[in-house]
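This report refers to the structure that appears directly beneath it.
The values are calculated or read from the model by the stated rules, or taken from the named source; none is laboratory data. These numbers come from a predicted model, not from an experiment. Positions of Cβ are backbone-derived with ideal geometry, glycine not excepted, and every protein chain shown enters the neighbour counts.
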Amino acid sequence: NMESQSGWSTGLLALWDDFETLLNATIMCGALGLFLPARNALEISKGKATCGLSFQSLTPALQNCGCSGKDFAFTTNCLLCCIFPCMAVFWRSQMRRAYGIHGSCCGDCCTCLFCFPCMIMQESREIKARGLP
(Lines give C-alpha, C1' and ligand atoms only; values in the text may rest on other atoms or scores of the structure.)
Protein backbone atom coordinates (compact mmCIF):
# COMPACT_ATOMS: atom_id res chain seq x y z
CA ASN A 1 0.00 0.00 0.00
CA MET A 2 2.00 2.95 -1.29
CA GLU A 3 -0.42 5.51 0.20
CA SER A 4 0.65 4.66 3.76
CA GLN A 5 4.36 4.56 2.93
CA SER A 6 6.81 7.39 3.38
CA GLY A 7 10.45 8.09 2.65
CA TRP A 8 13.52 8.04 4.86
CA SER A 9 13.67 10.85 7.42
CA THR A 10 17.13 11.84 6.08
CA GLY A 11 18.84 11.40 2.74
CA LEU A 12 21.44 8.76 2.04
CA LEU A 13 24.21 11.36 1.83
CA ALA A 14 22.98 13.54 4.72
CA LEU A 15 26.02 12.59 6.79
CA TRP A 16 26.20 15.91 8.67
CA ASP A 17 22.54 15.79 9.79
CA ASP A 18 23.56 13.76 12.85
CA PHE A 19 27.12 14.46 13.89
CA GLU A 20 27.00 11.90 16.71
CA THR A 21 26.22 9.05 14.28
CA LEU A 22 28.87 10.31 11.86
CA LEU A 23 31.45 10.49 14.64
CA ASN A 24 30.59 7.02 15.98
CA ALA A 25 30.70 5.53 12.49
CA THR A 26 34.01 7.09 11.50
CA ILE A 27 35.82 6.47 14.78
CA MET A 28 34.85 2.81 14.63
CA CYS A 29 36.39 2.61 11.11
CA GLY A 30 36.31 -1.03 9.97
CA ALA A 31 33.97 -2.04 12.78
CA LEU A 32 31.30 0.09 11.11
CA GLY A 33 30.57 -2.76 8.72
CA LEU A 34 29.86 -5.14 11.57
CA PHE A 35 28.68 -3.36 14.70
CA LEU A 36 26.37 -0.66 13.35
CA PRO A 37 24.24 -2.97 11.18
CA ALA A 38 23.98 -5.50 14.03
CA ARG A 39 22.91 -2.76 16.47
CA ASN A 40 20.38 -1.36 14.00
CA ALA A 41 18.89 -4.84 13.48
CA LEU A 42 18.72 -5.29 17.24
CA GLU A 43 16.68 -2.10 17.63
CA ILE A 44 14.30 -3.04 14.80
CA SER A 45 13.67 -6.51 16.26
CA LYS A 46 13.11 -5.10 19.76
CA GLY A 47 16.23 -6.69 21.26
CA LYS A 48 15.93 -10.14 19.67
CA ALA A 49 18.44 -11.96 17.49
CA THR A 50 17.56 -11.95 13.79
CA CYS A 51 17.84 -15.72 13.36
CA GLY A 52 15.28 -16.42 16.08
CA LEU A 53 17.77 -18.23 18.32
CA SER A 54 16.38 -17.98 21.83
CA PHE A 55 18.41 -16.61 24.71
CA GLN A 56 16.34 -18.77 27.06
CA SER A 57 17.66 -21.97 25.44
CA LEU A 58 21.20 -20.94 26.38
CA THR A 59 20.40 -19.03 29.57
CA PRO A 60 22.33 -21.07 32.17
CA ALA A 61 25.61 -20.97 30.25
CA LEU A 62 25.31 -17.31 29.27
CA GLN A 63 24.14 -16.00 32.62
CA ASN A 64 27.19 -17.56 34.25
CA CYS A 65 29.26 -15.39 31.88
CA GLY A 66 27.27 -12.27 32.80
CA CYS A 67 25.50 -11.93 29.43
CA SER A 68 22.04 -10.45 29.03
CA GLY A 69 19.50 -11.32 26.37
CA LYS A 70 20.35 -8.13 24.49
CA ASP A 71 24.09 -8.94 24.62
CA PHE A 72 23.35 -12.38 23.21
CA ALA A 73 21.16 -10.98 20.42
CA PHE A 74 23.79 -8.36 19.47
CA THR A 75 26.56 -10.97 19.37
CA THR A 76 24.38 -13.30 17.29
CA ASN A 77 23.63 -10.47 14.83
CA CYS A 78 27.36 -9.65 14.58
CA LEU A 79 28.13 -13.28 13.77
CA LEU A 80 25.35 -13.38 11.17
CA CYS A 81 26.76 -10.24 9.55
CA CYS A 82 30.22 -11.86 9.33
CA ILE A 83 28.95 -15.16 7.96
CA PHE A 84 26.31 -13.69 5.62
CA PRO A 85 27.32 -10.21 4.39
CA CYS A 86 23.95 -9.95 2.60
CA MET A 87 22.29 -9.66 6.05
CA ALA A 88 22.63 -5.87 5.77
CA VAL A 89 20.27 -5.90 2.77
CA PHE A 90 17.79 -8.08 4.67
CA TRP A 91 17.94 -5.76 7.70
CA ARG A 92 17.41 -2.69 5.51
CA SER A 93 14.34 -4.31 3.93
CA GLN A 94 13.13 -5.26 7.41
CA MET A 95 13.52 -1.63 8.53
CA ARG A 96 11.62 -0.35 5.50
CA ARG A 97 8.73 -2.75 6.22
CA ALA A 98 8.68 -1.93 9.93
CA TYR A 99 8.57 1.84 9.34
CA GLY A 100 6.55 1.88 6.12
CA ILE A 101 9.37 3.37 4.04
CA HIS A 102 8.96 2.97 0.30
CA GLY A 103 11.69 1.23 -1.66
CA SER A 104 12.61 -2.09 -3.24
CA CYS A 105 14.91 -5.03 -2.68
CA CYS A 106 16.83 -4.02 -5.80
CA GLY A 107 17.32 -0.50 -4.39
CA ASP A 108 18.44 -1.97 -1.06
CA CYS A 109 21.00 -4.18 -2.83
CA CYS A 110 22.38 -1.28 -4.88
CA THR A 111 22.56 0.98 -1.83
CA CYS A 112 24.39 -1.70 0.15
CA LEU A 113 26.79 -2.48 -2.70
CA PHE A 114 27.68 1.07 -3.76
CA CYS A 115 27.24 3.15 -0.59
CA PHE A 116 27.41 0.82 2.42
CA PRO A 117 28.75 3.30 5.03
CA CYS A 118 26.15 5.92 4.03
CA MET A 119 23.43 3.26 4.18
CA ILE A 120 24.34 2.20 7.71
CA MET A 121 24.45 5.79 8.94
CA GLN A 122 21.09 6.55 7.28
CA GLU A 123 19.53 3.57 9.08
CA SER A 124 21.03 4.71 12.39
CA ARG A 125 19.63 8.22 11.87
CA GLU A 126 16.23 6.72 11.04
CA ILE A 127 16.18 4.70 14.27
CA LYS A 128 17.17 7.82 16.21
CA ALA A 129 14.53 9.97 14.46
CA ARG A 130 11.88 7.45 15.44
CA GLY A 131 12.81 7.71 19.12
CA LEU A 132 14.72 4.47 19.55
CA PRO A 133 18.11 4.46 21.34
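From the list THR50, THR59, exactly one residue is assigned to a loop (DSSP other than H, G, I, E, B) and either modelled with pLDDT under 60 or at negative phi (or both). Which is it?
Numbers: THR59 fails: assigned to a loop (DSSP other than H, G, I, E, B).
Within the list THR50, THR59, the selection yields THR50.
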Fill in the blank from the handout: Considering the stretch 110-126, residues that are free of Cβ contacts under 8 Å to residues at least 40 places away in the same chain and exposed (fewer than 15 other Cβ atoms within 10 Å of the Cβ), and then whichever is nearest to PHE84 (Cα to Cα), we arrive at LEU113
Fill in the blank from the handout: Within the stretch 1-42, of all residues that are among the small types (Gly, Ala, Ser) and in a helix (DSSP H, G or I), the one modelled with the lowest pLDDT is GLY30
Completion exercise
Residue hits (the stretch 95-109; part of a helix (DSSP H, G or I) and buried (at least 16 other Cβ atoms within 10 Å of the Cβ)) are MET95, ARG96, TYR99, ASP108
